[in-house]
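The values are calculated or read from the model by the stated rules, or taken from the named source; none is laboratory data. Please read these numbers as outputs of a predicted model, since none were measured by experiment. Cβ atoms come from the backbone with ideal geometry, glycine included; neighbour counts cover every protein chain shown.
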Amino acid sequence: METTLQPPKKIIIDTDPGIDDAMAIFVALRSPEVEVIGLTTIYGNVCTTLATRNALHLLEVAGRTDIPVAEGSHVTITKGTKLRRADFVHGADGLGNQNFPPPEGKPIEQSAAAFLVQKANLYPGKVTVVALGPLTNIALAIQLDPAFAKNIGQIVVLGGAFAVNGSVNPAAETNIFGDPDAADIVFTSGADVLAVGINVTHQVVLTDTDRDKLAQSGGKFAHYLCKILDVYFSYHHDSYCMRGVYLHDPTALLAAVNPSLITYTEGIVRVQTIGITRGLTLFYNKQKRFAEVTEWSDKPSVKVAVTVDAPSVLKLVMERLTNS
Ligand SMILES: O=c1[nH]cnc2c1ncn2[C@@H]1O[C@H](CO)[C@@H](O)[C@H]1O
């Protein structure tokens, strides 16, 4: 990756750790191009309380307890409490059923949404949010501060299934399905949004051979991740018949670190919030001018990732985790 003389990009990772979240957080902490100024937590792979616990735990493993953790919402933007968990993907504890001891640290008093608003105001245009779970906290920040969408530098969303099947069901990708109303608020907010969907992240696979290399590397993060990766490998084997795992979260993180790893197109994204296609992300490429006003008319455009340099992403993940 090119070295630049610019100061590192400030990023906040909104996360539901999560095995691939743990990978993304570790890669971020080993990326000189970015400075992680906080983690905010959200339900998704686990409940929000467990996500906070895991975020604090991962920072303790990394020796980075200087980074604040702000706890996010326990309910969806419409106050929904029937949240879908994914213990079959990440283990009941979210980190491969390893029964790690509880963290010593505590989250800060501020809520995730308040933290996001404060940092966006403090460094206008300079903060990138990498959103790795359902988008409730980001939507709450938009509602809390009408200037948030303009003040935040970029929101990189790991989510959506653009012109491919979903991961929860044929229509919906997991994170968008987690809070479709929040996702629609974020996509139509006018912020600089880059969506990295599973149409892209499914191209980036860590194989069992790569896992063996991580195990043999002696890197601290690599060693930790090899302990928790088993559950994630089993899930991919059972669900997709593959001997490898998709690197969803690390791919989105690296797209934020180095945008030249992906290509994207621009258009308007709306999210279906009801019915059997709840959580569907529908991209309008603006090629046709419709005769009638539609639900996409006059909405701001967002960026949607189309291709990824998968070998480079995998190489960076491996390098940064083995040199840790
Ligand atoms: O089948 C699934 N159910 C729940 N979560 C999943 C599933 N497959 C992947 N992920 C998780 O959802 C995010 C990307 O869509 C990733 O965080 C991934 O670990």
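Of PHE221, PHE162, all but one fail to be away from the ligand (no atom under 16 Å from the Cβ) and aromatic (Phe, Trp, Tyr); the exception is PHE221. ASP192 falls short on exactly one of the conditions (1) at pLDDT 95 or above; (2) within 26 Å of TYR232 (Cβ to Cβ); (3) among the acidic types (Asp, Glu), and that condition is (2). Could you grab me the full set of residues in region 204-260 that are in contact with a Ser or Thr (Cβ under 6 Å, 6 or more places away or on another chain) and either over 24 Å from ASP87 (Cα atoms) or assigned to a strand (DSSP E or B) (or both)? Residues satisfying the conditions are SER217, GLY219, LYS220, GLY244, TYR246, ALA256, VAL257. Scanning region 112-130 for residues that are closer than 24 Å to ASP20 by Cα and either out of contact with any helix residue (DSSP H, G or I) (no Cβ under 6 Å at 6 or more places or on another chain) or away from the ligand (no atom under 14 Å from the Cβ) (or both) turns up ALA112, ALA113, PHE115, LEU116, VAL127, THR128, VAL129.
Just so you know, in region 172-192 the residues that are within 15 Å of the ligand (Cβ to nearest atom) and of a type in the set (S, T, N, Q) include one that is farthest from ASP145 (Cα to Cα), and it is THR174.
Taking each residue of region 79-102 that is of a type in the set (S, T, N, Q) and at pLDDT below 90 and looking for partners that are assigned to a loop (DSSP other than H, G, I, E, B) and within 16 Å of the ligand (Cβ to nearest atom) with beta-carbon atoms closer than 9 Å, six or more apart or interchain, yields ASN99/ASP93. All conditions but one from (1) out of contact with any Leu (no Cβ under 7 Å at 6 or more places or on another chain); (2) away from the ligand (no atom under 16 Å from the Cβ) apply to ASN169; the one that does not is (2).
Scanning region 87-107 for residues that are hydrophobic (A, V, I, L, M, F, W, C), within 14 Å of the ligand (Cβ to nearest atom), assigned to a loop (DSSP other than H, G, I, E, B) and over 18 Å from the mean Cα position of the chain (by Cα) gives a single hit, ALA92. Here ALA51 fulfils each of the conditions (1) more than 14 Å from the ligand (Cβ to nearest atom); (2) among the small types (Gly, Ala, Ser); (3) closer than 16 Å to PRO102 by Cβ apart from (1).
Is it the case, given these coordinates, that ASP66 is within 16 Å of the ligand (Cβ to nearest atom) and not in a helix (DSSP H, G or I)? Criteria not met by ASP66. For region 131-154, the tally of residues that are within 16 Å of the ligand (Cβ to nearest atom), of a type in the set (Val, Ile, Thr) and in contact with a Ser or Thr (Cβ under 8 Å, 6 or more places away or on another chain) stands at 1.
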